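Asks: Sharing a structure with you now.
Values in this text are rule-based calculations from the coordinates and carry no lab data. Because the structure is a prediction, the values reported are computed rather than measured. Cβ: placed from backbone, ideal geometry, glycine included. Neighbour counts: every protein chain shown.
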Amino acid sequence: MRAYRLESRETPPVLRDLPVPSPARGEALVRIAACGLNFADLLMIEGKYQDIPPLPFTLGLELAGTIEALGPQTEARGLMPGTRVAVYAGQGGLAEWGTFPVDRCVPIPAAMTFAEAAAFQIAYGTSHVALDHRARLQPGERLLVLGAAGGVGLTAVEIGHRMGATVIAVARGPEKLAVARAAGADHLIDSDSLAPGGLRDAVKALGGADVVYDPVGGEQFTEALRATNPDGRILAMGFASGTVPPIPANHLLVKNISVIGVYWGGYLKFRPEVLTRSMATLFDWYADGGLKPHVSAILPLDRVAEGLELLRTRKATGKVVISPAE
Ligand SMILES: NC(=O)c1ccc[n+]([C@@H]2O[C@H](COP(=O)([O-])OP(=O)(O)OC[C@H]3O[C@@H](n4cnc5c(N)ncnc54)[C@H](OP(=O)(O)O)[C@@H]3O)[C@@H](O)[C@H]2O)c1
């Protein structure tokens with residue numbers, strides 16, 4: 001089978017031929033139909049991610065496919081050959097087959113395509129845990145979403161809208177803003193058209209932000225902080241700009257503002273029930289037609305580098321998915 005492997009820090013990942021693995025006890029063999037790409041893949045390749053498996057390993061954090069076999073004496077928990085599942089594995093998704101712990105295999109709703117399922121867990125899970133569990137977003141609050149047409153940003157727009165917030169979306173250019181509008185944004189700010197300080201002024205002109213969702217960092221974080229209302233919460237989601245912003249604690253004190261760190265994958269280790277509960281809610285929302293995963297490109301396994309380049313050059317909207325079966 002083919003697998004997209006990171007073998008050393010000095011060389012780019014390569015597509016290798018490997019034997020199809022056999023599931024050990026507690027594992028399922030999954031025929032992979034789709035794998036969602038994430039900004040974290042870029043960070044892993046650059047050696048900058050917080051959770052990098054030992055080299056060499058197969059890239060691909062999240063995937064969807066069909067269970068083909070279970071390991072010996074494996075407690076099946078309702079899973080069987082033929083079950084369609086989504087898997088957050090942290091590695092191994094960019095391949096034709098993979099073996100994964102059964103407790104990471106989540107059956108997917110019947111109406112969900114494999115591409116949607118592979119695009120679902122990290123993007124929706126992260127935004128739901130951030131807005132609901134961490135920030136306690138309330139109906140009627142003003143939610144400012146930075147990077148609002150990206151993988152996690154777009155789901156924050158959609159979930160914020162669903163939770164009854166007024167959503168202010170910030171993204172680069174009219175095409176990305178149109179995608180954010182379709183996901184439920186009430187107000188649009190084109191970051192390309194702003195002078196320094198312009199983001200702060202534009203958000204203030206709309207009434208300021210009660211909650212900020214920030215996967216970008218850098219200058220946008222600093223300007224968003226200045227446009228945050230008293231009692232506001234700022235969700236530090238990531239640093240796609242490449243700059244971790246300094247946080248002036250005196251501003252937090254004077255305006256009663258909280259900066260809240262969020263790492264979705266971290267909950268897997270210390271409170272997995274938070275994620276299980278969140279995913280059940282999200283699958284319900286999907287089933288009632290309330291969530292529409294936005295996949296802007298589906299590419300075959302031999303074009304992963306092209307998919308990653310779409311993320312690196314900020315050309316993707318929503319998610320980019322690799323389909324190893326093609
Ligand atoms: N905390 C968590 O649990 C968690 C989970 C998933 C992701 N994240 C983090 O969230 C961030 C976004 O991840 P993603 O998978 O959604 O990525 P993505 O799809 O590539 O979206 C990133 C967005 O950031 C904006 N951006 C601003 N400056 C950028 C730059 N210099 N390079 C690239 N993008 C830039 C882009 O929007 P514009 O072009 O419109 O500005 C882009 O749409 C990453 O830092 C990732 O590590 C965190």
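Asks: Ignoring everything except DSSP H segments at least 4 long, calculate the 222 nm mean residue ellipticity for the chain; use -39,500 (n - 2.57) per segment, divide by total residues, nearest 500. Don't skip to the end; give the middle numbers.
Replies: Values: 11 runs with 97 residues, N = 326.
Helix-only estimate at 222 nm: -8500 deg cm²/dmol.
Asks: Between L268 and R303, with labels modelled 7 Å along Cα→Cβ, what's the label distance in nm to one decimal, could you check?
Replies: For the pair L268/R303, the computed spacing is 2.8 nm.
Asks: At L310 and V244, where each label point lies 7 Å from the Cα along Cα→Cβ, what is the point-to-point distance in nanometres?
Replies: 3.1 nm
Asks: Treating only the Cβ of Lys, Arg, Asp and Glu as charged (+1, +1, -1, -1), what charge dipole size does the chain show about its Cα centre? Round to the nearest 20 debye.
Replies: Working: 31 positive and 33 negative charges, 76 e Å.
So the dipole magnitude of the chain works out to roughly 360 debye.
Asks: Shifting gears a bit: For a quick check, take a GNM of the chain with Cα springs below 10 Å and name the residue from T155, T66, T313 with the largest mean-square fluctuation.
Replies: Maximum among the listed residues: T313.
Asks: Among DSSP bridges having both ends in the chain, what percentage is antiparallel? Round to the nearest 5.
Replies: On the way: 31 of 56 bridges.
Here the antiparallel bridges make up roughly 55 percent for the chain.
Asks: Over the alpha-carbon set of the chain, work out the extent along each principal axis and list the three values in angstrom, largest first.
Replies: The principal-axis extents, from largest down, are 59, 41, 34 Å.
Asks: Per residue of region 22-39, in order, report the coupling 6.51 cos²θ - 1.76 cosθ + 1.60 (Karplus, θ = phi - 60°) as ³J(HN,Hα) in whole Hz, putting x for Gly and Pro.
Replies: Karplus-based 3J(HN,Hα) across region 22-39 equals 9, x, 8, 4, x, 10, 10, 8, 10, 7, 7, 9, 7, 9, x, 8, 9, 4 Hz.
Asks: Over the chain, what is the mean sequence separation of C-alpha contacts under 8 Å (at least six apart), divided by residue count, expressed as relative contact order in percent? Don't jump to the answer; show the numbers that get you there.
Replies: On the way: 728 pairs, mean separation 56.7, N = 326.
Answer for the chain is 17 percent.
Asks: Which residue, F221, S193, M279, has the largest displacement toward the positive end of the dipole of region 167-280 when charges sit on each Cβ (Lys, Arg +1; Asp, Glu -1)?
Replies: Final value for the positive-end residue is M279.
Asks: If you add up the charges near L42, with Lys and Arg at +1 and Asp and Glu at -1, over every other residue whose beta carbon is less than 9 angstrom from its beta carbon, what do you get? Mind showing how you got there, number by number?
Replies: Values: positive: K48, R312; negative: D41, E46.
Spelling it out: positives minus negatives among the neighbours equals 0.
Asks: Is there a quick way to get the dipole size of region 30-124? I mean about its Cα centre, with the Cβ of Lys and Arg at +1 and of Asp and Glu at -1; what is the value in debye to the nearest 20?
Replies: Details: 5 positive and 9 negative charges, 28 e Å.
Roughly 140 debye, rounded to the nearest 20.
Asks: How much length would be gained if the chain were fully extended between S22 and A110, taking 0.36 nm per residue of separation minus their Cα-Cα distance, in nm to one decimal?
Replies: Numbers: separation 88, 0.36 × 88 = 31.68 nm, distance 2.70 nm.
Going from the current span to full extension adds 29.0 nm.
Asks: For the charge dipole of the chain, defined by +1 on Lys and Arg C-beta atoms and -1 on Asp and Glu C-beta atoms about the Cα centroid, which residue among G90, G208, Q121 has the Cα displaced farthest towards the positive pole?
Replies: Ranked along the dipole, the leading option is G208.
Asks: Below 8 Å between Cα atoms, with a sequence gap of 6+, how large is the relative contact order for region 122-265 in percent?
Replies: On the way: 304 pairs, mean separation 31.4, N = 144.
About 22 percent, as a whole number.
Asks: Let me ask something additional. Can you give me the C-alpha center-to-center distance between region 167-200 and region 261-326, rounded to a whole angstrom?
Replies: The two parts, judged by their Cα centres, are 22 Å apart.
Asks: Here is a follow-up. For a test of understanding, tell me how many lysine pairs in the chain have Cα atoms under 19 Å apart, given they are 8 or more places apart or on different chains.
Replies: The number of close lysine pairs in the chain is 5.
Asks: Can you list residues from other chains, or at least 5 along the same chain, whose modelled amide H is less than 5 Å from the amide H of I260?
Replies: I234, L235, A236
Asks: Another question, then. Among L253, P54, Q138, flag the residue with its Cα farthest along the positive direction of the charge dipole of the chain, charges on Cβ as +1 for Lys/Arg and -1 for Asp/Glu.
Replies: Value computed over the given set: L253.
Asks: Using a simple charge model, +1 on the beta-carbon of Lys and Arg, -1 on the beta-carbon of Asp and Glu, nothing else, what dipole does region 122-265 show about its Cα centre, in debye to the nearest 20?
Replies: On the way: 12 positive and 13 negative charges, 42 e Å.
That gives region 122-265 a dipole magnitude of about 200 debye.
Asks: While we're on this one: Looking only at L37, L311, L194, which one moves most when the chain is put into a Gaussian network model with springs between Cα atoms under 10 Å?
Replies: Residue with maximal mean-square fluctuation among L37, L311, L194: L194.
Asks: Oh, and also: Which ³J(HN,Hα) values, rounded to whole Hz and listed in residue order, are derived for region 298-303 from phi using the Karplus coefficients 6.51, -1.76 and 1.60 in 6.51 cos²θ - 1.76 cosθ + 1.60 with θ = phi - 60°, glycine and proline given as x?
Replies: 10, 10, x, 4, 7, 10
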